[in-house]
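Asks: The following block contains the structure, expressed as C-alpha cells.
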Amino acid sequence: MQHIIDRFISYVKIDTESDPNSQNTPSTAKQWDLANKLAEELKSIGMQDVTIDDKAYIMATLPSNVEHAVPTIGFISHFDTSPDFSGANVKPQIIPNYDGKDIVLNAEQNIILSPSYFKDLLQYKGQTLITTDGTTLLGADDKAGITEIVSAMEFLIKNPDIKHGKIRVGFTPDEEIGRGAHHFDVEKFGAEWAYTMDGSQIGELEYENFNAAGAKITFKGKSVHPGYAKGKMINSLLIANEFINELPKGETPQETKGYQGFFHVHHISGTIEETVLELIIRDHSAKKFERRKKLIERITKKINHKFAKKFGEPIVITEINDQYYNMKEKVLPVKYIVDIAEKAMKELNIKPLIKPIRGGTDGCQLSYKGLPCPNIFAGGHNFHGKYEYIPAESMQKATDVIVKIAELTAIPGIFDVSEKPTKKK
C-alpha cells in the first residue's frame, strides 16, 4: 500500500488547477506538468501505445493476454483539480491508524477535521488517512483515480497469470470545468465501454447523474451620485439580489439530497452599473431540468418587464448553456457493465453503494458520445476544499476493483463479441 501512497502524493504535489475563464485546452499550462509525467510513467511501467495529444489527452493500452475474444474496456480519470479552492503547494499529511478523534489540519489557523461534523470519518478508524494541511484542497478528485488506474495496470503487467482482455486507459484535463470529454476521441480510444474512477467513498457505483446547465446573468444599472439619485439611480447589485430572491426557497445544494435538484449561485460580482451572477442548474429528471431552465427565463422576463420603461432596453441578459445529461439513458441498455462492477466489488467483500451522482463526471458526456461509462469510487471525501481526505485503504480497494473487473470481463463465454457486446444468458 505504501507504493500507492507514494504515487498519490507525487501527483497531488503538482498543481493542476483548471480555469473556467480560459478558452484553451488544457485551460491552464500547469496541467501539462502532470500530463507529461503520467505519459512517461505509463511507458515506464510497460504500457503500450502511449499517446499524449496537443490538448494533453493521454491514452495507453494494456494488450490482452488471452486468446479468446474479449471486449476492449477502458478506465478513465482526470488530472485537473477544481478552481473552487487552491491546488497550489499541496502539503499532504499522513495520519496512520486513525483513532476516530479530531484531526488538527492547521494549528495556527485552528482548522480541524472533526468526526463530529464529518461523520464519515468514523468509518475509517484504524486506517491510514491522507489529509490536507488546511490551506489547500488535496486533489484526490481525481488524482486518486489516476493513482488507482496506474497501479492496477502495473499490477496486471507484473502478474501475467491474471487473465484479461485489451484494456485502454485515458486521462483527461479540465473535467472540473465541464470540458474533460470535449476533445476525447472515443473512436481512437476504441473501447466497448469504460469506467471513470471518480466517485467518492468506498463502494460507490453510479450510472445516474444530474442533467446540468450553467447560467451567466448580467444585470445593468445606472450610477448617479447618491445624493441626487432619487428616481434616477438603478443599482444592478440590488436587481441581482431581487433575481436570487425569486428562486425557489429550499432548492439549494445544502438543502437537497438524493434525486432532488437545485439552483446553486456560486459567483457574484459587480458595481452599481453592472453585476454578473453565475449559477448552476441541476436535476436528475429531464422534465424538471427543462422546467428549471424555463424558470430562469421567466424571472428574467419579469424583471425586464418591470424596468422596461425606466431603462429602455433589457436590464437583465441571461445566457444558459447545457453542460451534460443523465447517463442513465445510455447505460441502461447495457446495464451488464454495471453488473460486472457490482460483482467485482462483492467478490472483494466491498458493499456496493449504487446511487445517483449528485454531480457529473467525464463519463456523463462520454456516454452520449458513444462510450457507456459508469462511475466507480476513487475513495476520497469532502472534495474541492481544505477538509478533503482519503483513506489509503480505499485507494488500494479501488485498485483491486479495477483488476477484478478486468479479470471478470475475460472469463470465457460471458460475452459474444461483435460490434457491440451482448451478454449471454
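The values are calculated or read from the model by the stated rules, or taken from the named source; none is laboratory data. As the structure is a prediction and not an experimental result, all values here were calculated from the model. All Cβ positions, even for glycine, are placed from backbone atoms using ideal geometry, and neighbour counts span all protein chains on display. Keep in mind that these areas ignore ligands, DNA and RNA; they rest on the heavy atoms of the full protein, side chains included. Shrake-Rupley method; radii C 1.70, N 1.55, O 1.52, S 1.80 Å.
Asks: Any residue in the stretch 178-198 that is in contact with a Leu (Cβ under 6 Å, 6 or more places away or on another chain) and open to solvent by 10 Å² or more (accessible area, probe 1.4 Å)? Talk me through it step by step, then tell me what you get.
Replies: Initially, the stretch 178-198 is screened for residues in contact with a Leu (Cβ under 6 Å, 6 or more places away or on another chain), giving 181, 186, 194.
Those still in the list that are open to solvent by 10 Å² or more (accessible area, probe 1.4 Å) too: 186.
Checked against the condition, which is being in contact with a Leu (Cβ under 6 Å, 6 or more places away or on another chain) and open to solvent by 10 Å² or more (accessible area, probe 1.4 Å), the stretch 178-198 yields at least one hit.
Asks: When the residues of the stretch 53-108 are filtered to those that are within 17 Å of SER18 (Cβ to Cβ) and among the aliphatic types (A, V, I, L, M), which remaining residue is surrounded by the fewest Cβ atoms within 10 Å (Cβ to Cβ)?
Replies: ALA88
Residues checked against (1) open to solvent by 90 Å² or more (accessible area, probe 1.4 Å); (2) under 30 Å from LYS355 (Cα atoms); (3) among the polar types (S, T, N, Q); (4) touching an Asp or Glu at 6+ places or on another chain (Cβ under 6 Å):
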position: GLN260; (1), (2), (3), (4): yes, yes, yes, no
position: HIS284; (1), (2), (3), (4): no, yes, no, no
position: LYS288; (1), (2), (3), (4): yes, yes, no, no
position: ARG291; (1), (2), (3), (4): yes, yes, no, no
position: ILE303; (1), (2), (3), (4): no, no, no, no
position: PHE311; (1), (2), (3), (4): no, no, no, no
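Asks: Could you list all residues from the stretch 217-258 that are in contact (Cβ under 8 Å) with a residue 60 or more places away in the chain, more than 30 Å from LYS355 (Cα to Cα) and open to solvent by 70 Å² or more (accessible area, probe 1.4 Å)?
Replies: LYS222 - this is the single residue of the stretch 217-258 that is in contact (Cβ under 8 Å) with a residue 60 or more places away in the chain, more than 30 Å from LYS355 (Cα to Cα) and open to solvent by 70 Å² or more (accessible area, probe 1.4 Å).
Asks: Look at ILE268 and say whether it is outside any helix (DSSP H, G or I), of a type in the set (Val, Ile, Thr), in contact (Cβ under 8 Å) with a residue 24 or more places away in the chain and open to solvent by 60 Å² or more (accessible area, probe 1.4 Å).
Replies: On the way: outside any helix (DSSP H, G or I): yes; of a type in the set (Val, Ile, Thr): yes; in contact (Cβ under 8 Å) with a residue 24 or more places away in the chain: yes; open to solvent by 60 Å² or more (accessible area, probe 1.4 Å): yes.
Yes.
Asks: Which of the residues that make up the stretch 20-52 are among the charged types (D, E, K, R) and either closer than 13 Å to ASP174 by Cβ or open to solvent by 70 Å² or more (accessible area, probe 1.4 Å) (or both)?
Replies: Residues of the stretch 20-52 among the charged types (D, E, K, R): 30, 33, 37, 40-41, 43, 49.
Those that are among the charged types (D, E, K, R) and either closer than 13 Å to ASP174 by Cβ or open to solvent by 70 Å² or more (accessible area, probe 1.4 Å) (or both): LYS30, ASP33, LYS37, GLU40, LYS43, ASP49.
Asks: Which residue pairs have Cβ atoms under 8 Å apart, sit 6 or more places apart or on different chains, and have a first residue in the stretch 167-190 that is on the phi > 0 side of the Ramachandran plot and a second that is part of a helix (DSSP H, G or I)?
Replies: ASP174/GLN31
Asks: Report, ordered by the first and then the second residue, all pairs with beta carbons closer than 8 Å, sequence separation of six or more or different chains, a first member in the stretch 24-35 that is in contact (Cβ under 8 Å) with a residue 40 or more places away in the chain and part of a loop (DSSP other than H, G, I, E, B), and a second member that is open to solvent by less than 70 Å² (accessible area, probe 1.4 Å) and small (Gly, Ala, Ser).
Replies: Final answer for the pair search is THR25/ALA56; PRO26/SER18; PRO26/ALA35; PRO26/ALA56; SER27/SER18; THR28/SER18; THR28/SER22.
Asks: Considering only residues that are more than 30 Å from THR131 (Cβ to Cβ), small (Gly, Ala, Ser) and outside any loop (DSSP other than H, G, I, E, B), which ones fall in the stretch 55-77?
Replies: Taking the stretch 55-77 as the starting set, the residues that turn out to be more than 30 Å from THR131 (Cβ to Cβ) are 55, 57, 59-74.
Narrowing the set further to residues that are small (Gly, Ala, Ser) leaves 60, 64, 69, 74.
Listed by number, the residues that qualify are ALA60, GLY74.
Asks: OK, next. Considering the stretch 345-388 alone, what residues qualify as being more than 24 Å from ILE4 (Cα to Cα), open to solvent by 60 Å² or more (accessible area, probe 1.4 Å) and assigned to a loop (DSSP other than H, G, I, E, B)?
Replies: LYS355, ARG358, LYS369
Asks: Being under 19 Å from MET153 (Cα atoms), open to solvent by 20 Å² or more (accessible area, probe 1.4 Å), without any contact (Cβ under 8 Å) to a residue 40 or more places away in the chain and touching a helix residue (DSSP H, G or I) at 6+ places or on another chain (Cβ under 6 Å): is that true of ILE14 here? Working first, answer last.
Replies: Values: under 19 Å from MET153 (Cα atoms): no; open to solvent by 20 Å² or more (accessible area, probe 1.4 Å): yes; without any contact (Cβ under 8 Å) to a residue 40 or more places away in the chain: yes; touching a helix residue (DSSP H, G or I) at 6+ places or on another chain (Cβ under 6 Å): yes.
Judged against the criteria, ILE14 is not a match.
Asks: May I pose another question? If THR135 meets every condition in (1) closer than 21 Å to GLU17 by Cβ; (2) open to solvent by less than 30 Å² (accessible area, probe 1.4 Å); (3) not in a helix (DSSP H, G or I) apart from one, which number is that one?
Replies: The one condition THR135 does not meet is (2).
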